[in-house]
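Engineer: Quick one: structure below, then a few questions.
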Amino acid sequence: MDYKTIELNLCQLEESFAKSRSNIYSDFRKEEHFQELYALFQKIKENDYQKFDEQEILNHNYLLNVIFKSLEYLDNSTLNVTPYEIISCLEFALNDWIKDDDFIIVTSLSNKKTDFYLETTLSEESFELLNQFINNKYGLKISKKLIQISLPKILSRDYLSSVVLYHELGHFVDNQLNISKKMLLKKYSINQPNDDETSRYLNHTMEYFADLFAAQYVNNSSNTYLGYIAPEHPDSQTHPATRSRINVSLDFLNSKSIEIVDEFNKLLHLSSLPLLEIRHSKIDISYCNLTKLYPQNFEDVSELHYIFQLGWDIWEDAENNFLKEFSSRQRYNIVNNLIEKSISNYVVQKNWEDANE
Amino acid sequence: MYLAQVIKNDDVKSDFYINIFEDIVKNHDSSFKVLVDDAILEAINVAKGTADIYSINNNRYFLVTTLLERFKFRLTELNSSQNIPDEVYPEILNLLK
């Protein structure tokens, strides 16, 4: 790799910035982040990059890739595109774990139906190292970190499948707090997997943590959807068997003592972090507004998270409940609209109250 | 997939730490020396069993765990209550390279 790589990256980025400059965001922090990236890009461009040594070329190549990836997600997180309601729920959950206003959740919409994933995000350590480098070299810093979540375009307002995003947020929290990696280190005395066994152990630990993270908020609904898209999937190198995943989450939800939850909580306690625990409040379906086709009111955020379980319960029982006279397409739209309106009402009201405090 | 290999985060962390250690070795001081010293001391404590792996600080997780994995024997010879000897920095730099 030589300076021509940097030159090509800069030319491509110039095009990318030109296309993104007219983006309108609902969140001013995204606009600020965009401006910071642009200022950094300008500084790199003005620098005498032809004289960079090998290490500087490597570092700048990485830096330019970070800018590229950030722009990709910002482009998909504009006012009319971003799935505001589900992002608000994820922000509430994130706030339980990482008390930091330095994160912005951004989404990228994929054309593939199963593309729910979290783009590898900069760890706290990488972010600090990167900023130290930027500050030393250019006297600038990137103040916010992006949480980059990819989801299928056609499902961006499908609140039944959105439960997957709580699982994805769990991966982000795990990655930031090195939870599964610490368990790998403790068990095998290595900080990265080095063979099939350790790779499988790390992957499975990460999946269990993300499942449990989701179950804290959305009860069993993440499992229900897993049963739809991966029924009876066996153990693989990357994921535990669907049956094992569902059983672990169910045991957790039923407050049964299970080894992996106990180990996670031991680690979380020693790291002075919040523990895995039930973070939702159940709403009795017989008395909920949704059955009267009204949006649901929530006492607090813990009830808000339960809306996904409520939506799934109504969808699963649609042949027998108040939706039985509707077609399946109508049922699907009604459930999604009711969930969306319920979340939207709560978030608008909460923002209003917070602004007037 | 066109790309056979993507940039690994850990490679990048290693690259940035190489910069910092080169600076320390060359100038015997660096604005990051405190950060690096804290990480080495934390690694010494974990290596000697006086701190738990689970309590490792996330801000310097990669550096501490790299030292634990690849520098553990040397860590046990060091004293966490004294300053880090100067010869340790080039040793770690070689390790990262």
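The values are calculated or read from the model by the stated rules, or taken from the named source; none is laboratory data. In this text the structure is predicted, and so the values were computed from the model without any measurement. Counting neighbours? That spans all protein chains shown, and the Cβs are built from the backbone with ideal geometry, glycine included. These area figures cover heavy atoms from the full protein model, side chains too; ligands, DNA and RNA do not enter into them. Shrake-Rupley method; radii C 1.70, N 1.55, O 1.52, S 1.80 Å.
Engineer: Write out, first by first residue and then by second, each pair whose Cβ atoms fall under 6 Å of each other, whose residues are 6+ apart or on separate chains, and whose first residue, in region A:8-28, is small (Gly, Ala, Ser) while the second is open to solvent by 30 Å² or more (accessible area, probe 1.4 Å).
Structural biologist: Listed pairs, sorted by first residue: A:20/A:75; A:26/A:79.
Engineer: Next question. Among the residues of region B:5-24, is any more than 8 Å from chain A (Cβ to nearest Cβ), surrounded by fewer than 17 Cβ atoms within 10 Å (Cβ to Cβ) and at pLDDT 90 or above?
Structural biologist: The answer is no, given that none of the residues of region B:5-24 is more than 8 Å from chain A (Cβ to nearest Cβ), surrounded by fewer than 17 Cβ atoms within 10 Å (Cβ to Cβ) and at pLDDT 90 or above.
Engineer: Say whether the condition of being open to solvent by 10 Å² or more (accessible area, probe 1.4 Å), among the hydroxyl-bearing types (Ser, Thr, Tyr) and modelled with pLDDT under 90 is met by at least one residue in region A:142-159.
Structural biologist: Yes - at least one qualifying residue is present in region A:142-159.
Engineer: Within the group A:175, A:191, A:223, which residue is part of a loop (DSSP other than H, G, I, E, B) and buried (at least 17 other Cβ atoms within 10 Å of the Cβ)?
Structural biologist: Unique residue meeting the criteria: A:191.
Engineer: Pull up region B:73-97, narrow it to residues that are open to solvent by 40 Å² or more (accessible area, probe 1.4 Å) and touching a residue at least 60 places away in the same chain (Cβ under 8 Å), then point me to the one that is farthest from residue B:44 (Cα to Cα).
Structural biologist: It comes out as B:97.
Engineer: Which of the numbered conditions does residue A:239 fail, given that it passes all the others? Conditions: (1) open to solvent by 50 Å² or more (accessible area, probe 1.4 Å); (2) in contact with a helix residue (DSSP H, G or I) (Cβ under 6 Å, 6 or more places away or on another chain); (3) within 14 Å of another protein chain (Cβ to nearest Cβ).
Structural biologist: (3)
Engineer: Pick out the one residue from A:276, A:290 that is open to solvent by less than 20 Å² (accessible area, probe 1.4 Å), farther than 21 Å from residue A:91 by Cα and either touching a Gly at 6+ places or on another chain (Cβ under 8 Å) or aliphatic (A, V, I, L, M) (or both).
Structural biologist: Result: A:290 is the single residue among A:276, A:290 that is open to solvent by less than 20 Å² (accessible area, probe 1.4 Å), farther than 21 Å from residue A:91 by Cα and either touching a Gly at 6+ places or on another chain (Cβ under 8 Å) or aliphatic (A, V, I, L, M) (or both).
Engineer: If residue A:263 satisfies all but one of (1) open to solvent by 50 Å² or more (accessible area, probe 1.4 Å); (2) touching a residue at least 60 places away in the same chain (Cβ under 8 Å); (3) under 22 Å from the mean Cα position of the chain (by Cα), what's the number of the condition it fails?
Structural biologist: Result: residue A:263 passes all but (3).
Engineer: Out of the residues in region A:273-293 that are hydroxyl-bearing (Ser, Thr, Tyr) and touching a helix residue (DSSP H, G or I) at 6+ places or on another chain (Cβ under 8 Å), state the one that is nearest to residue A:320 (Cα to Cα).
Structural biologist: Filtering first and then ranking leaves A:291.
Engineer: Next question, about the same structure. Within region B:34-69, work out how many residues are facing another protein chain (nearest Cβ under 10 Å), open to solvent by less than 10 Å² (accessible area, probe 1.4 Å), within 12 Å of the chain's Cα centre (by Cα) and of a type in the set (A, V, I, L, M, F, W, C).
Structural biologist: 4
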